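What follows is a single structure, written as structure tokens, with notes after it.
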Amino acid sequence: MEPLRIGLVGYGGAGRGIHARLARETGQRVVAVVTRARGDQVAADWPDARVVPDVDALLADPHDLDLVVVASPTGDHAAHVRAALEADVPVLVDKPLATTRVQAAALVRLASERGGRLTVFQNRRWDPEQLTLRGLLAAGTLGRVHRFERRWERFRPEPQQRWKEQDPVAGGLLLDLGAHLVDSAVDLFGPVRRVHAELRALTTPALDDVFLALEHAPDGDGHHVVSHLWAGGLVGAPGPRTRVLGERGAYLVTSYEGEPSPFSVLDDEPVTGDAGGAAHEGWLVRGAERTAVPRAPGGHADLYRAVQRWVLADGAVPVDPADAVATARVLDAARVAAETGVAQLLD
């Protein structure tokens, strides 16, 4: 399969640090980059790529592009996605799709009118812990699950001076990490019907202390899962990354991507059980009994490979953009719940 010719909007932490890296890992070509301040980095990384000042210049000749990757600040997503769709170029947009459900839904409608060429970079669906947990659920190892917990907690008492921390509308952890946390919960346990939230800005103008309690829609027997999700930047003792409670046991992931956690010492102990010395991803826990769980294969590069098949070989859309609208609806409801103190019921 031919490599994708990618036009990349933004060359900061997401554009260069994530998307350009995954494009290179999967053999794609970045042929143009929208940036005003990082042209030297583009020239070093992609010597043949054009550096352009804005999205209009990027799309001046859309036939030179197979895909536009939108990795600009969240507040610019709607305008940049719209411009690419109106130029009839397929779009992969970093999460969140937009700042509100209304904006996200409008983009999905436009994409449908233009042939459905829109997907969202919900790469955490391809995290090893998510893939491993999905396998445990499919196998029934945990039995019927009643609670899902996931934390994205850090201790960063000195916030960075960038839009993610300083923009109270498009920045903050609710839109940034919350979009991942909600998508992961829905990916595993289905639609949300009730939202409770506690949201605060402790050290920055944007939200940096987030707690969500989601009640998922019940199954045919009336049973439902409750998800508790945390994101925080002022957490001196981060909790376990993931804890899933079921009638036959629990799945526990102690830490995440090298972030310090007092629970990570569990992973320093000798590994026994099914992993047998191979790479493991968390633990199957039943009281004092703890067994290592073998890590499921896969990773974020698989999302880019799926995008390549979607664009060039009429493959399935990697992430349905309607899922991003559902996530935006939950995040909108979380804001209302936090402001009113009343849990929000979603129809």
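What follows draws every value from the coordinates through simple rules; no lab data is involved. The shown structure was predicted, so the numbers you read here are calculated from the model rather than taken from an experiment. As a convention, Cβ positions derive from the backbone with ideal geometry for all residues, glycine included, and neighbour counts pool all protein chains shown.
For residue 203 and residue 224 in the same chain, what is the full-extension length gain: residue separation times 0.36 nm, less their Cα-Cα distance, in nm?
Details: separation 21, 0.36 × 21 = 7.56 nm, distance 3.55 nm.
That works out to 4.0 nm of additional length.
Long-range amide H contacts for residue 193: which residues qualify at under 5 Å (H placed 1.01 Å from N, peptide plane, sequence gap of 5 or more or a different chain)?
It is 215, 216, 217, by chain and number.
What is the packing order of peptides 310-320, 30-40, 217-227, taking the mean over residues of other C-beta atoms within 10 Å and listing the highest first?
Sorting 310-320, 30-40, 217-227 by mean packing, highest first, produces 30-40, 310-320, 217-227.
Relative to the first principal axis of the alpha-carbon coordinates of the chain, what is the inclination of helix 321-340, with its axis defined by its Cα atoms, in degrees from 0 to 90 and to the nearest 10?
Approximately 60 degrees, to the nearest ten.
Counting just the Cα atoms, what span does the stretch 125-299 cover along each of its three principal axes? Round to the nearest Å and put the largest first.
Result for the stretch 125-299: principal-axis Cα extents of 46, 41, 29 Å.
Taking Cα atoms of the stretch 22-115, Rg/Rh with Kirkwood Rh, to two decimals? Each step should come with its number before you reach the end.
On the way: Rg = 13.6 Å, Rh = 14.0 Å.
Rg divided by Rh gives 0.97.
List the residues whose amide H sits under 5 Å from the amide H of residue 117, counting only those 5 or more places along or on another chain, with H placed 1.01 Å from N in the peptide plane.
none
Stokes-Einstein D for the chain at 25 °C, 0.890 mPa s, Kirkwood Rh over Cα pairs, in µm²/s? Numbers along the way, then the final one.
On the way: Rh = 21.2 Å.
The diffusion coefficient I find is 116 µm²/s.
Run through every distinct alpha carbon pair of the stretch 175-265 and return the Kirkwood hydrodynamic radius in angstroms, one decimal place.
On the way: mean 1/r = 0.0685 Å⁻¹.
About 14.6 Å, per the Kirkwood formula over Cα pairs.
What does DSSP give for the chain in terms of the percent of beta bridges that are antiparallel, rounded to the nearest 5?
On the way: 36 of 62 bridges.
That works out to approximately 60 percent antiparallel.
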